[in-house]
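Have a look at the structure below, then the notes.
Rule-based calculations on the coordinates, nothing more; no lab input. Computed from a prediction, not measured in an experiment: that's the story for all the values here. Don't worry about glycine lacking a Cβ; one is built from the backbone with ideal geometry, like all the others, and counts go over all protein chains shown.
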Amino acid sequence: MAMAPDPNTKPCAICGKPVDARYKPFCSKRCADVDLNRWLSGSYVIPGSELLPEDDEEQRPAPARKDAE
């Protein structure tokens, strides 16, 4: 008799197959790599306020000056 799937277990975040504990929350290395590629390529974006050019300059520290002696 087959065991019923655990109702608290979520499926793979990429393909929906059962999760493998070694790659949690994914089912395989392939799905983990697909997810990583999506982050690195900019497919996933964490929302935030858009920086204006003048805002960026205010947050950047001034470069250290080296006095020529």
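Details
- Summary of packing: across the peptides 24-34, 42-52, the per-residue average of other C-beta atoms within 10 Å ranks them, highest first, as 24-34, 42-52.
- Extended-chain gain in nm, criterion 0.36 nm per residue less alpha-carbon gap, V34 and A64: 6.7 nm
- Residue-wise HN-Hα coupling along region 37-43, computed from phi with Karplus coefficients 6.51, -1.76, 1.60 (Hz; x: Gly, Pro): 4, 5, 5, 5, 8, x, 5
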